[in-house]
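The values are calculated or read from the model by the stated rules, or taken from the named source; none is laboratory data. Predicted model only: the values in this text are computed from it and were never measured. Glycine gets a Cβ as well: all are built from the backbone with ideal geometry, and neighbour counts include every protein chain shown. Heavy atoms of the whole protein, side chains included, go into the accessibility calculation; ligands, DNA and RNA do not. Shrake-Rupley method; radii C 1.70, N 1.55, O 1.52, S 1.80 Å.
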Amino acid sequence: MPQLYVLAPVDFNSAAPSCDCFAHRFGNAADHPERVRRYPSDMTDAEWSAVRPLLPVPGWMRGRGGQPEAYCHRAMLDAVRYLVDNGIKWRAMPADFPPWDRVYAFFRRWRDRALVREFHDRLRGRVRLEAGRDAEPSAGVIDSQSVKADAVVGADSRGFDGGKLINGRKRHVVVDTLGLLLGVMVTSAGIGDRAAAKVLLEQVADAHHRLELVWADGGCTGSLELYRVSWSLVVLVHADCGVCSWPRQ
């Protein structure tokens, strides 16, 4: 699964270069001073140059109303990455980032309008192209993992996995053959892999029409129907069945 933040200290090409984000070029971000990047989670100039062309165009630039944004998009992304990397509360955002409530509003807007997924899918497509693959995968792998839930997690959102003897939640993940994320779903640990796979595969197949073959382990035993979406087939086979051929990439 791709990492969305840097894990070690990095060297920056410049201390505070002029920014070319939408908020600086067309919004009001120039009214606020640029921050000096100082944290390991901050994007390098090379990372920003790769990310910048893939960012979703803001609604206020597409005639959807709202005022031009007043804070740098790069600073906003760095703030979200800092929060994810360090596990802090929103209100504990360091003072050199934009105000925490503005960062949260930026994140919430991306989340509610599915812009996080759009951005992630563009990044995944670029990585696949650079690896010599088609931007859209034709094969994938599905698996699940049960995780013990803390005592504060409500009983209505967790369950008991009899196979792993874990009381908690279960994450079901579909990745391509490079290990890049295609879909994820979180259920109680008591939900069987086969039942969850049917729901998750329908969602993934609807978004990735080239997907033809998905490998699974023995947790998905039993008959699983073929899913026809547009003109593609998604076939669930067992990774240890020995009858599947390597798919077209």
Give me the pairs, please: first residue somewhere in segment 154-183 and among the aromatic types (Phe, Trp, Tyr), second residue anywhere and surrounded by fewer than 21 Cβ atoms within 10 Å (Cβ to Cβ) and in a loop (DSSP other than H, G, I, E, B), beta-carbon distance under 8 Å, and either six or more positions apart or on two chains. Phe160/Gly190
Being of a type in the set (Gly, Ala, Ser) and open to solvent by 50 Å² or more (accessible area, probe 1.4 Å) is the filter here, so list the residues in segment 85-108 that pass it. Gly87, Ala92, Ala95
So which residues in segment 48-84 are touching a helix residue (DSSP H, G or I) at 6+ places or on another chain (Cβ under 7 Å), of a type outside the set (Gly, Ala, Ser) and either touching a residue at least 40 places away in the same chain (Cβ under 8 Å) or open to solvent by less than 20 Å² (accessible area, probe 1.4 Å) (or both), if there are any at all? Trp48, Leu54, Leu55, Pro56, Pro58, Pro68, Glu69, Tyr71, Cys72, His73, Arg74, Met76
Considering only segment 144-162, state which residues are within 23 Å of Leu213 (Cβ to Cβ) and modelled with pLDDT under 90. none
Tally up the residues in segment 10-47 that are modelled with pLDDT of 80 or more, open to solvent by 50 Å² or more (accessible area, probe 1.4 Å) and acidic (Asp, Glu), please. 4
Quick count over segment 126-139, residues being assigned to a helix (DSSP H, G or I), in contact (Cβ under 8 Å) with a residue 60 or more places away in the chain and loosely packed, with under 15 Cβ neighbours inside 10 Å, is 0
